[in-house]
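The values are calculated or read from the model by the stated rules, or taken from the named source; none is laboratory data. Being a predicted model, the structure only gives us computed values, none of them experimental. We place every Cβ from the backbone using ideal geometry, glycine too, and count neighbours over all the protein chains shown. For accessibility, only protein heavy atoms count, side chains too; no ligands or nucleic acids. Shrake-Rupley method; radii C 1.70, N 1.55, O 1.52, S 1.80 Å.
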Amino acid sequence: MDGVNVVLDGKKKETDVAKDILGLTNVSSINDYDLSKLIGKPRLNIERKISFDDRSLSELSIGLIRGLDTYESIYSPLDSPTRSSAADDSFEPHPIVADAWEALRRSLVYFRGQPVGTIAAYDHASEEVLNYDQVFVRDFVPSALAFLMNGEPDIVKNFLLKTLQLQGWEKKIDRFKLGEGAMPASFKVLHHPVRKTDTIVADFGESAIGRVAPVDSGFWWIILLRAYTKSTGDLSLAETAECQKGMRLILTLCLSEGFDTFPTLLCADGCSMIDRRMGIYGYPIEIQALFFMALRCALVMMKQDEEGQEFIERIEKRLHALSYHMRSYFWIDFQQLNDIYRYKTEEYSHTAVNKFNVIPDSIPEWVFDFMPTRGGYFVGNVSPARMDFRWFALGNCVAILSSLASHEQACAIMDLIEGRWEELVGEMPMKICYPAIENHEWRIVTGCDPKNTRWSYHNGGSWPVLLWMVTAASIKTGRPQIARRAIDIAESRLGKDGWPEYYDGKLGRYIGKQARKNQTWSIAGYLVAKMMLEDPSNLGMISLEQDKQMKHVFKRCSSWTC
């Protein structure tokens, strides 16, 4: 493979370099580009004026026109680290912190000498490597946050640029072409020992188990771009024409109009963190929460030019519709459960209370015992005649971080976690979903998946990576004691157990039957949780405050007619 020679003079700007690399469309050229040319460039240090998180969506749209001062304030770096009351009594560094950092650095993947990501798991004991030696977009997010919080943003920038290049590749699966904006699920760097060249092989779903393209990758990419910008104050990356185009391509896929009557995204099984058949097809909460968060992040990074303005208007409309839909129809608490229990069916016209024709007899028995009098959550799925009442941790935590959940709903979710600690946290934070499906239902829903047996893997398994999300949600809702308690539990086992991918059992007591050791996002998730709890200002790069225009979208009511 021929290399690409890019000559830089002393005056060439970083944005120009990014354009050089992103402008390459030839596969061999992309693979051979040297990312080292992007390292060592000075970052902008911008004085903070007002966080975009504190401003309404309409204010942001107007503010983008008002000149550089407003634009810079939107992208202002995080405040200098300050110890809030949540961290005043922070503990001494745990002995496994150093081990965790060593393990995280051991997982780094290099392309032409520069780090571009972290592999999924550094487990040499496993007989089958499968795709655990690849860099996954969703898996890299906690690693990226750890490096950003540790003042090492270059690897994150490299990753964002490299995946942006991969987005531009032609994506075909069995003669069928994917949407232009699709981001890869993962990529692998191949080192040629003789030619001494590096090439990249990306997986857009054509090699994945089940052959499902990842819907969440593009959303995570946008969220991570905002986290990088928020953390460093570096405007140059997000404002490049290539990053702007990348965001527009992602948004084109999910903002397109069709036959759907809902503002939520219709998705297949296996399109998210739960990447195997688990009955999440339809409108899974994880994708809807990530969709909402990505829209909000894109809104403040999108330029107010001719192309950007069109997307800004579309984003604002979708955000308000999505917020209303999710807060009204996906939300459940004791009162709402009682209302659904008393529903009439076969209602016609716009006056219907039971808008989705949910049959009360379809409510599973476990929900009535699980639902506390104080607390609530977003259910897993809502579609015609179907409500998936299962609890899904990632979707509910992202709903809090993105402010898809109102303040009252966010507090209710944390009430639920505290009230159902044994079921949702147990002996290892945290259940990916609750409860597990079993017996005949397991055979039908999972297709007899031997990896997703009850209380294992995606089917009620406990995933340490979720620790960082629970911690972030706890800090945002003013309940750091929840995070501290969860971290204490994790610290008692994670290190000595070898940082497993997941745990099995109703309480998360056993290391997963097929769990990989030295799972990178288990390691990074712990480090991010630890750093956020010790310095809550780190939360700013991954949290969005509630938009003022949306505070009145959701009103407490006794039926779905509100």
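Odds and ends about this structure:
- Selection status of residue 321, over 30 Å from residue 448 (Cβ atoms), at pLDDT 95 or above and surrounded by 22 or more Cβ atoms within 10 Å (Cβ to Cβ): no
- Filter result (of a type in the set (Phe, Trp, Tyr) and open to solvent by 10 Å² or more (accessible area, probe 1.4 Å)) within the stretch 274-291: 281, 283
- Residue match in the stretch 428-444 (condition: open to solvent by 20 Å² or more (accessible area, probe 1.4 Å), basic (Lys, Arg) and modelled with pLDDT of 95 or more): yes
- Single match in 121, 182, 100, 146 (criterion: more than 23 Å from residue 494 (Cβ to Cβ) and of a type in the set (Gly, Ala, Ser)): 182
- Test: residue in the stretch 250-269 that is under 24 Å from residue 162 (Cβ atoms), part of a loop (DSSP other than H, G, I, E, B) and more than 15 Å from the chain's Cα centre (by Cα): no
- Pair list, Cβ under 7 Å, 6 or more apart: the stretch 376-401 residue touching a residue at least 60 places away in the same chain (Cβ under 8 Å) and more than 11 Å from residue 433 (Cα to Cα), other residue open to solvent by 10 Å² or more (accessible area, probe 1.4 Å) and of a type in the set (Ser, Thr, Tyr): 381/283; 382/283; 382/329; 383/283; 400/477
- Residue pairs whose Cβ atoms lie under 8 Å apart, sitting 6 or more positions apart in sequence or on different chains, and linking a residue in the stretch 406-421 that is within 14 Å of residue 395 (Cα to Cα) and open to solvent by 40 Å² or more (accessible area, probe 1.4 Å) to a partner that is at pLDDT below 95 and in a loop (DSSP other than H, G, I, E, B), do not occur here.
- Hits in the stretch 129-166 - residues which are of a type outside the set (D, E, K, R) and assigned to a loop (DSSP other than H, G, I, E, B): 129, 130, 131, 132, 134, 150, 151, 153
- Lone qualifier among 180, 206, 170, 242 - being touching a Lys or Arg at 6+ places or on another chain (Cβ under 9 Å), in a helix (DSSP H, G or I) and more than 20 Å from residue 318 (Cα to Cα): 242
- The criterion of at least 2 residues that are surrounded by fewer than 23 Cβ atoms within 10 Å (Cβ to Cβ) and free of Cβ contacts under 8 Å to residues at least 40 places away in the same chain is met, among helices (runs of 4 or more DSSP H) falling completely within the stretch 456-529, by 480-491, 494-497.
- The condition (being basic (Lys, Arg) and touching a strand residue (DSSP E or B) at 6+ places or on another chain (Cβ under 9 Å)) is satisfied by just one residue among 157, 245, 171: 171.
- Put simply, of 271, 297, 254, 243 the only residue that is surrounded by fewer than 20 Cβ atoms within 10 Å (Cβ to Cβ) and touching a helix residue (DSSP H, G or I) at 6+ places or on another chain (Cβ under 8 Å) is 254.
- Search result, residues across the stretch 357-373 that are open to solvent by 20 Å² or more (accessible area, probe 1.4 Å) and on the phi < 0 side of the Ramachandran plot: 359, 360, 361, 362, 364, 365, 366, 368, 369, 373
- Evaluated against (1) under 25 Å from residue 437 (Cα atoms); (2) in contact with a His (Cβ under 7 Å, 6 or more places away or on another chain); (3) of a type outside the set (Phe, Trp, Tyr), residue 270 falls short on exactly one condition, (2).
- Residue count, the stretch 530-555 (criterion: assigned to a loop (DSSP other than H, G, I, E, B) and modelled with pLDDT of 95 or more): 4
- Any chance residue 176 is open to solvent by less than 10 Å² (accessible area, probe 1.4 Å) and of a type in the set (Phe, Trp, Tyr): no
- Test: residue in the stretch 184-196 that is buried (at least 22 other Cβ atoms within 10 Å of the Cβ) and in a loop (DSSP other than H, G, I, E, B): yes
- Of all residues in the stretch 230-248, none are in contact with a Gly (Cβ under 7 Å, 6 or more places away or on another chain) and either free of Cβ contacts under 8 Å to residues at least 40 places away in the same chain or of a type in the set (A, V, I, L, M, F, W, C) (or both).
- Of the residues making up the stretch 440-488, those that are among the charged types (D, E, K, R) and more than 18 Å from residue 391 (Cα to Cα) are 443, 449, 451, 476, 479, 484, 485, 488.
- Residue in the stretch 324-338 that is part of a helix (DSSP H, G or I), more than 25 Å from residue 366 (Cα to Cα) and without any contact (Cβ under 8 Å) to a residue 24 or more places away in the chain present: no
- Where residue 229 falls short, out of the listed (1) more than 30 Å from residue 439 (Cβ to Cβ); (2) in contact with a Phe, Trp or Tyr (Cβ under 6 Å, 6 or more places away or on another chain); (3) in a loop (DSSP other than H, G, I, E, B): (3)
- Among the conditions (1) under 19 Å from residue 140 (Cα atoms); (2) at pLDDT below 95, the only one that residue 219 does not satisfy is (2).
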